[in-house]
Amino acid sequence: MSEAKAASPLVGVIMGSSSDWDVMQHAVAMLKDFGVPFEARVISAHRMPDEMFAYASSARSRGLRAIIAGAGGAAHLPGMVAAKTIVPVLGVPVPSKYLRGEDSLLSIVQMPKGVPVSTFAIGEAGAANAALTAIAILATTDDALAARLDAFRAKQTQAAFDMKLPV
Ligand code: RP5
């Protein structure tokens, strides 16, 4: 694989606002830890609809293998992106000011039959797990990445074995 090819993003991380970064940075951090080439951008569904459609419709031809989309409130970004691409879309509900992200969760998870969005937990855990799922998708065709994912799991197993209770 050439350097340029190796550097081209395999995972797109998009979010509706820079205010989503506190949560979505946890997806980016995980992709960085695993050495997965990614790109990260603000794409607002209701403020940048033309850019959202262009991003989604060009995603596959640009080589993206998964798109992690985070949004809060009426979180239509993941569903609308999924409507324009067959690249797997992993939706992250971002906590909202008034409904604490329950609105975001329901907006993302309740996709009508036929156009799926894989939906994750509200907030940091969801962002990190969306990245781990993107990594798992890539690991189906990348043995070195699969080995890193196995090692990541083994570390968590060991940490659980090492847990002590104050009794
Ligand atoms: C959504 O509206 C974004 O995903 C964000 O979670 C929320 C608030 O956006 P800002 O008003 O902070 O830009 O589109």
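Restricting attention to segment 36-50, the residues being touching a Lys or Arg at 6+ places or on another chain (Cβ under 9 Å) and without any contact (Cβ under 8 Å) to a residue 24 or more places away in the chain number 0.
For segment 105-131, the set of residues classified as in a helix (DSSP H, G or I) and either more than 11 Å from the ligand (Cβ to nearest atom) or under 30 Å from LEU145 (Cα atoms) (or both) consists of LEU105, LEU106, ILE108, VAL109, GLU124, ALA125, GLY126, ALA127, ALA128, ASN129, ALA130, ALA131, listed by residue number. Scanning segment 64-118 for residues that are among the hydroxyl-bearing types (Ser, Thr, Tyr) and under 22 Å from GLU39 (Cβ atoms) gives THR85, SER118. Scanning segment 88-107 for residues that are without any contact (Cβ under 8 Å) to a residue 40 or more places away in the chain and under 13 Å from the mean Cα position of the chain (by Cα) yields a count of 3. None of ALA71, ALA40, ALA83, ALA56 is farther than 18 Å from ALA136 by Cα and in contact with a Leu (Cβ under 8 Å, 6 or more places away or on another chain) except ALA71.
Residues are listed down the side, and each one gets a yes or a no for (1) in contact (Cβ under 8 Å) with a residue 24 or more places away in the chain; (2) of a type in the set (Gly, Ala, Ser); (3) over 17 Å from MET30 (Cα atoms):
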site: GLY63; (1), (2), (3): yes, yes, yes
site: ILE67; (1), (2), (3): yes, no, no
site: ALA121; (1), (2), (3): yes, yes, no
site: ALA130; (1), (2), (3): yes, yes, no
site: ILE137; (1), (2), (3): yes, no, no
site: LEU149; (1), (2), (3): yes, no, no
site: ALA154; (1), (2), (3): no, yes, no
site: LYS164; (1), (2), (3): no, no, yes
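With respect to the stated conditions, ALA66 fails to be surrounded by fewer than 24 Cβ atoms within 10 Å (Cβ to Cβ) and modelled with pLDDT of 95 or more.
The values are calculated or read from the model by the stated rules, or taken from the named source; none is laboratory data. Computed from a predicted structure; not experimentally measured. With ideal geometry, Cβ positions are generated from the backbone for all residues, glycine too; neighbour counts draw on all protein chains shown.
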